[in-house]
Each structure stands twice: as structure tokens, then as C-alpha cells.
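The values are calculated or read from the model by the stated rules, or taken from the named source; none is laboratory data. Please read all numbers here as calculations on a predicted model, not as lab measurements. Note that we place each Cβ from the backbone using ideal geometry, even for glycine, and neighbour counts take in every protein chain shown. Ligands, DNA and RNA are stripped out before the accessible areas are found, and what is left, the full protein with its side chains, is counted by its heavy atoms. Shrake-Rupley method; radii C 1.70, N 1.55, O 1.52, S 1.80 Å.
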Amino acid sequence: MEVINTIEKVRVIIAGAKSAGKSVGFVPTMGALHEGHFSLIRAARQHCGFVVVSIFVNPTQFGPGEDIDKYPRPFDADIKACRDLGVDVVFAPTDQQMYPQKNLTWVNVEKLSTPLCGKSRPGHFRGVAVVCAKLFNIVQPDIAFFGQKDAQQAIIVQRMVADLNMPLKIVVCPTIREIDGLAMSSRNRYLTPKGRKDAVLLYAALQKAEVFIAAGQRESSELISEMEKILKISRQIKIEYISIVDARTLNELDKVKGKVLIALAVKIGQARLIDNIVVDVK
Ligand code: AMP
């Protein structure tokens, strides 16, 4: 496995793999790798002859006052994990490599970037989209792997690829959870022991909504108030949003029907956590 910091060098190595007839699978990450990331890497390993993982804490997707400075960077452990998983190349560029000058070009995926997390994180998704566009241009993968955990991000990246005719396929892999249901996240390490206990309520709330839907409830407002009841069991949990939207358009739904995304974001102490489920409602 090679660990590469420069765009020039990564391009040469990937071009070599391509000319040897290998398909390139790509897993973009911000590091602090966990089982969620590993599942994407395993999927890439399974589908592609050459696997590239990027580790880059992308400054353009963090807003003022967000956690970019304290974002965990356990680089050596990440490299070891990638090696153990059979990754071919880790691309870990510096900020200077990725943004040698203040970029004036953004990718703004309209409509999909404004609801849900877009409300409280203005500019976040144009930062995500621009860094993905840059990484796709650098790595030129055949397939890029994303997690359902960040549902809105996956939808936005898929739309960007379609709208801009980017020559790659996006595969979205299921959310990997701890045994008690908490979605794995690099940000879980910000939780205190008490916060970690209460964090199980996120998935419990989503499951409650699913149970109510199975029992015939179709009113989003009723489902949201049931979910609020669960989250309010913890006084530490500050709800940012609970949204029930069409899983394709992200339009809010008064009544659930079809493929429905139920998504939430909360703060528990210092940690901002998100989670979601998709329910197919007949
Ligand atoms: P991040 O390093 O947080 O930017 O995430 C990199 C990729 O890993 C994104 O496509 C995430 O959606 C995905 N990911 C993060 N957590 C999980 C998880 N618990 N299950 C599946 N994918 C995940």
C-alpha cells in the first residue's frame, strides 16, 4: 500500500493501475476510520481491482465555529486499518495541495442542499460537492462508495454526478451501527459516557417511527411528535431537526407514502449527531 500526499503522484499511480486493466474503486473519507468506513472499503475491494481511500478533513465544508480544529486525526491508526483491509493507495493531501488558492468555483446542487442539514449548516454541501468533484477529477474512479449514514450527502453527490455527466458510478452502502443501534461516526468520540448512553435514543426514535408506520400511521406530524417523545427522555439531547421527506427529492411530506427518508440531527453536549432510515410505505 502506498500513502501519497500529492495530486501529481496519485494521478501517475492510478493511471498505471488503469492501464493494467484494473477498475478503480474510491472511498472518500475525513479519516478517524471506523467500521462504517471499513464497510465501504470492503465493498470497494469486492467490486474493484484497485482501491483508493482518501483521508482529507475538508475545510470548505466546515462553517465558522464548527469542529474542524478538534476533528480527530488518528492518522497512523487509519493507515494501519487501510493496510489491513487491502487498500492499494491512501491519498492524504494537505490543504495546500487541495486548495493552493482560495477557490472561486463551487458546485451548488440546488434544492437538495437547503433542507435538513443544509438549514443549520449553510455552505456545508457546496463544500462537500466541490471537494468530491475535485477528488473525482484527481482519482478518476470507476465507482465511488458512500454511506447511507449521510443520506443527504449521498443524494447530493449522486445528483451532481448525474447533472455534470461525471463518468463514474456512485454506490451507497448501508449504515453500520454499534450493537445498541447508535450509527458509527467519527464524532461519537466527542460523547461523554452519559451522552453515549443517551445517544441510543436517536435510532430508538427512528425505529419508533417505523413501528408506527407499520401500524398504519401516515401523518408525519404524529410520527415526529412520537419521535420527539423518545428523544426528550434525555435532557442532554437538543433536537436540531426531525424531518420526514421524500427520499429522492427531499421535499417534506405531510403524509408518508412511497420511499420516505426519516432523518434527524441532534446535539448531545459537544457532539452533533445525525441518523436516518428509509422506509418504503405502500
Ligand atoms: P466521513 O469520514 O465522516 O466524511 O465519512 C466518509 C464516508 O463514510 C461517507 O460516505 C459516510 O457516509 C460514510 N460513513 C460514515 N459513517 C458511516 C456508517 N456508520 N455507516 C456507513 N457509512 C458511513
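Of the residues that sit in region 147-157 and are under 22 Å from PHE91 (Cα atoms) and open to solvent by 10 Å² or more (accessible area, probe 1.4 Å), which one is nearest to the ligand (Cβ to nearest atom)?
The extreme case among them is GLY147.
Since ALA43 meets every condition but one in (1) more than 23 Å from the chain's Cα centre (by Cα); (2) in a helix (DSSP H, G or I), which condition does it not meet?
The failed condition is (1).
Quickly run through region 167-202 and pick out the residues that are acidic (Asp, Glu) and within 13 Å of the ligand (Cβ to nearest atom).
GLU178
Considering only region 21-32, I want to know if a residue exists there that is among the hydrophobic types (A, V, I, L, M, F, W, C), without any contact (Cβ under 8 Å) to a residue 60 or more places away in the chain and either assigned to a strand (DSSP E or B) or open to solvent by 40 Å² or more (accessible area, probe 1.4 Å) (or both).
no
For region 223-232, what are the residues that are surrounded by fewer than 12 Cβ atoms within 10 Å (Cβ to Cβ) and within 18 Å of GLY258 (Cβ to Cβ)?
Hits for region 223-232: nothing passes.
Taking GLY63 and the conditions (1) in contact with a strand residue (DSSP E or B) (Cβ under 6 Å, 6 or more places away or on another chain); (2) within 29 Å of ARG177 (Cβ to Cβ); (3) assigned to a loop (DSSP other than H, G, I, E, B), which numbered condition does it fall short on, given that it satisfies the others?
(1)
If GLY118 passes every condition in (1) within 13 Å of the ligand (Cβ to nearest atom); (2) under 14 Å from the mean Cα position of the chain (by Cα); (3) free of Cβ contacts under 8 Å to residues at least 40 places away in the same chain but one, which one does it miss?
The number of the failed condition is (1).
Condition test on ASN108, is it in a loop (DSSP other than H, G, I, E, B) and at pLDDT below 95?
Judged against the criteria, ASN108 is not a match.
Among the residues of region 254-276, which ones are closer than 22 Å to GLY216 by Cα and surrounded by fewer than 19 Cβ atoms within 10 Å (Cβ to Cβ)?
ASP254, LYS255, LYS257, GLY258, LYS259
Going through PHE50, PHE38 one at a time, which residue ends up being within 16 Å of the ligand (Cβ to nearest atom) and open to solvent by less than 40 Å² (accessible area, probe 1.4 Å)?
After ruling out the rest, the residue left standing is PHE38.
Of ALA265, ALA205, which residue is of a type in the set (A, V, I, L, M), part of a strand (DSSP E or B) and either within 22 Å of GLU66 (Cα to Cα) or out of contact with any Pro (no Cβ under 8 Å at 6 or more places or on another chain) (or both)?
The conditions single out ALA265.
Just for region 46-60: of the residues that are hydrophobic (A, V, I, L, M, F, W, C) and in a strand (DSSP E or B), which one is farthest from GLY127 (Cα to Cα)?
Restricting to residues being hydrophobic (A, V, I, L, M, F, W, C) and in a strand (DSSP E or B), the top hit is PHE50.
Only residues that are open to solvent by 40 Å² or more (accessible area, probe 1.4 Å), more than 28 Å from ASN103 (Cα to Cα) and touching a residue at least 12 places away in the same chain (Cβ under 8 Å): list them for region 60-89, please.
Passing the criteria: ALA77, ARG83, ASP88.
Within the set of pairs 6 or more residues apart or between chains, which connect a residue that is farther than 17 Å from HIS34 by Cα inside region 166-183 to a residue that is part of a loop (DSSP other than H, G, I, E, B) and open to solvent by less than 40 Å² (accessible area, probe 1.4 Å) with Cβ atoms less than 8 Å apart?
Pairs found: LEU168/PRO141.
Would you tally the residues in region 124-166 being of a type outside the set (S, T, N, Q), assigned to a loop (DSSP other than H, G, I, E, B) and within 21 Å of GLY31 (Cα to Cα)?
1
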